[in-house]
Protein chains: 2
Amino acid sequence: MLSDAQHSAPLAGLRVIEVSSFVAAPLGGMTLAQLGAEVIRIDPLGGAPDTTRWPLAPNGGSLYWAGLNKGKRSVALDLRSPEGQRAVADLVAGSGADGGIVLTNAGYPWLSYDALRQARADLIHLRIAGGHDGSPAVDYTVNASVGFPLATGAEDTAGPVDHVLPAWDVACGLYAAIGILAAERHRRRTGEGRAITLPLADVALAVTGHLGFLAEGRLGAGRPRIGNHLYGGFARDFRTGSGDFVMIVTLTPRHYADLARVTGRTEALTAVERALGADFTKDSDRYAHREVIAALVAPWFAGHTTDEVTEALSGTSVLWDRYRTFAELAAAPETLANPLVSLINQPGIGEILATGIPLAQPGTPATPAPAPLLGADTDAVLREARKRIVDSSAHSDVENYPLS
Amino acid sequence: MLSDAQHSAPLAGLRVIEVSSFVAAPLGGMTLAQLGAEVIRIDPLGGAPDTTRWPLAPNGGSLYWAGLNKGKRSVALDLRSPEGQRAVADLVAGSGADGGIVLTNAGYPWLSYDALRQARADLIHLRIAGGHDGSPAVDYTVNASVGFPLATGAEDTAGPVDHVLPAWDVACGLYAAIGILAAERHRRRTGEGRAITLPLADVALAVTGHLGFLAEGRLGAGRPRIGNHLYGGFARDFRTGSGDFVMIVTLTPRHYADLARVTGRTEALTAVERALGADFTKDSDRYAHREVIAALVAPWFAGHTTDEVTEALSGTSVLWDRYRTFAELAAAPETLANPLVSLINQPGIGEILATGIPLAQPGTPATPAPAPLLGADTDAVLREARKRIVDSSAHSDVENYPLS
């Protein structure tokens, strides 16, 4: 039985079979689950390679796995045996009218579109791959190849600076959810299924192109390394007298004028502007003279405590925030006060901080459901699927499907 | 008339009105456009603040704007005037059965869900906000507050290291596309519209939670700064004898064994393993002794050219790639050979490198459409919308709507 919240959830009724590991595919499935879809993650007996990924809880449970599989049902099968592979096909065949959707980052032939289409003619099958040519690739290798690490960090950095956020995996998982929803819309209009390939390397290449880096790179020099400065405007980190760092961003003339005023540098900046023949209401001139502007306002930050900086910037238009560690973020009162965040009881681990879907709307539950224990739903899910196959055959709604 | 490719595009027929600026909302709309939706971007006369954002083409045109608005139609209106605001309501009212969808990051009262619902009862309205509390926030301030910059960069780095990729804007834009597609599915099933709020800060908080950083942060210490090492495994950058950097990733015992063999260190690593009482087939032990492993294999990279490294790693299971600059990426033959990338003729700029949608499937055109010139479609789009309103009224399909 669906609860009221699940009934009004935007993806209520949608059923997705996920055979996945690591970040991208699990995040794609979880995004659909947090919007109300029933997402069944299938793992090999004992779990996929991500079962024990760091970070770990004190009891050894994976906070990574728990975080990326919230709200799913878990089925564990011997995927090396013909019986296990047949059971996956049964789950696809018996996933109901709003089912027949497979999301995977695995390349097994028995899990391919061509193989599973036998179980369900209108199959939607989205496979996340590595490189465009089928070569293996992961977030860190893809990131190296597209250019960001050699443009990140202080001007005098010699080598690459990798991101800690697996940004391409995150984008890939979200593209996967988009691909499935778009294909499901098309299927409702036409009855047609669809095979979709989503290479992680193409996600990085596409976004790098969309943001202009590729077009800029073709012009020759490409992006210089400029530390924490914003390219083409004035924004940078400053250190307060308390030893904290704050990020200060001025995107408009008003932001900039407020920063000049708060730091008591309006006159000095105007004098410099005049002397340099510059116009600091323009992004490009603020960028060209960013070191001068930074040098003029930095002493104000160094001369004030973080509390004083906070008070002075409040009520101005300046965009800013304090840099925090993950531990500070987790401990901040406003984090727990945000309805997006809940302390939940995670089976196998205990109480952990968990987050919901950032799309605030009726029908998305305030408290995220925990991740399942590995294999917790195997029997129930297989039973339900086989019942659906029998019922459908009895009503001649679908072609007769051989039960394994 | 729709071409064959557009007909079979998964989102053919969907019509979205976008009032947007910068990265997130434009990327959300463009993602839908590249899957076949008709996306109409509305700007104030003269353009929104992103019209002139860097990077710029040699002729001054914004490569940023061109990159984030591909395949849309452009309408420019005086949005300060009642007439301009009424015209937007007309566009919403006259957007057809598969329309009535608004995507914006603007907070004008006349553009709110409550205001536009008057024009269209089953309106889907997705607004991207800054902070959860309605405060302004941008990618760089949000990133400072969630924890990544203080965990990025070399161990001895004192301050924050900001990302160059606006990863939260990218994720937010993709979440916006997901939110719209999910709401549109719900509307098809129930007839109900929906108001959705998507705060950029909540996107960062949700993803930080999903990846386990929030749960880990609550345990106290949080994530240490470990340079380009992979947390909880063995992966790192190495410098070749040619002066290039390569990223080397070992996620499985096989990857690790291949790396040991290729670098001629199998014996030495086994001896070290035994002496330390460690088991390098385990992720956690490879991580604990990452500096030892790195020190043992680094000389092999330094002693070989990049070509030699490439040849030696080819055919092994080791995950790796060479770090490239954006300019190198743009110039690489395999970049242009990828069907995702095309040289297109961008109105107002000229020939540029542009990327399509990474979801490879029938119906998504190989060559991305360029961005429109600002306001190029104003008259045609308004005419079409008003014709639809008149036609609908004549057929009594919708309530009578006062034409402005």
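General observations
- Selection count, region B:208-226, where residues are facing another protein chain (nearest Cβ under 8 Å) and in contact (Cβ under 8 Å) with a residue 60 or more places away in the chain: 5
- Qualifying residue in region A:237-244 (condition: at the interface with another protein chain (Cβ under 9 Å from one of its Cβ atoms), without any contact (Cβ under 8 Å) to a residue 40 or more places away in the chain, open to solvent by 40 Å² or more (accessible area, probe 1.4 Å) and charged (D, E, K, R)): no
- Scanning region B:333-350 for residues that are more than 27 Å from A:Ile178 (Cβ to Cβ), facing another protein chain (nearest Cβ under 9 Å) and not in a loop (DSSP other than H, G, I, E, B) yields no hits at all.
- Residue list for region A:121-154, restricted to those being within 20 Å of A:Tyr108 (Cβ to Cβ), more than 7 Å from chain B (Cβ to nearest Cβ) and open to solvent by 30 Å² or more (accessible area, probe 1.4 Å): A:Arg127, A:Asp133, A:Gly134, A:Ser135
- Residues that are out of contact with any Gly (no Cβ under 6 Å at 6 or more places or on another chain) and within 13 Å of chain A (Cβ to nearest Cβ) within region B:368-380 comprise B:Pro370, B:Ala371, listed in sequence order.
- Any chance A:Leu2 is surrounded by fewer than 20 Cβ atoms within 10 Å (Cβ to Cβ), more than 8 Å from chain B (Cβ to nearest Cβ), within 27 Å of A:Leu116 (Cβ to Cβ) and modelled with pLDDT of 95 or more: no
- Criterion (touching a Phe, Trp or Tyr at 6+ places or on another chain (Cβ under 9 Å), without any contact (Cβ under 8 Å) to a residue 60 or more places away in the chain and within 14 Å of chain B (Cβ to nearest Cβ)) met by exactly one of A:Ala48, A:Ala37, A:Ala24: A:Ala48
- Any chance A:Ala76 is farther than 18 Å from A:Arg127 by Cα, open to solvent by less than 40 Å² (accessible area, probe 1.4 Å) and within 11 Å of chain B (Cβ to nearest Cβ): no
- Against the numbered list (1) in a loop (DSSP other than H, G, I, E, B); (2) within 7 Å of chain A (Cβ to nearest Cβ); (3) more than 19 Å from the chain's Cα centre (by Cα), B:Asp162 comes up short only at (3).
- Filtering region B:215-232 to residues that are buried (at least 21 other Cβ atoms within 10 Å of the Cβ) and either in a loop (DSSP other than H, G, I, E, B) or out of contact with any Phe, Trp or Tyr (no Cβ under 7 Å at 6 or more places or on another chain) (or both) leaves B:Ala215, B:Gly222, B:Arg223, B:Asn228, B:Leu230.
- In the condition set (1) open to solvent by less than 20 Å² (accessible area, probe 1.4 Å); (2) under 30 Å from B:Arg73 (Cβ atoms); (3) not in a helix (DSSP H, G or I), B:Ala330 is compliant with all but (3).
- Matching residues, region A:167-187, being more than 7 Å from every other protein chain (Cβ to nearest Cβ) and either among the aliphatic types (A, V, I, L, M) or open to solvent by 10 Å² or more (accessible area, probe 1.4 Å) (or both): A:Asp169, A:Ala176, A:Ile180, A:Arg187
- Criterion: over 30 Å from B:Ala97 (Cβ atoms), open to solvent by less than 20 Å² (accessible area, probe 1.4 Å) and among the polar types (S, T, N, Q) - qualifying residue of A:Thr157, A:Thr197, A:Thr252, A:Thr208: A:Thr208
- The set of residues in region A:189-207 being within 7 Å of chain B (Cβ to nearest Cβ), assigned to a helix (DSSP H, G or I) and more than 13 Å from A:Ala129 (Cα to Cα) consists of A:Leu205, A:Ala206, A:Val207.
The values are calculated or read from the model by the stated rules, or taken from the named source; none is laboratory data. From a predicted model like this one, the values you see are computed outputs, not experimental measurements. Note that we place each Cβ from the backbone using ideal geometry, even for glycine, and neighbour counts take in every protein chain shown. The area values use the complete protein model at the heavy-atom level, side chains included, leaving out ligands, DNA and RNA. Shrake-Rupley method; radii C 1.70, N 1.55, O 1.52, S 1.80 Å.
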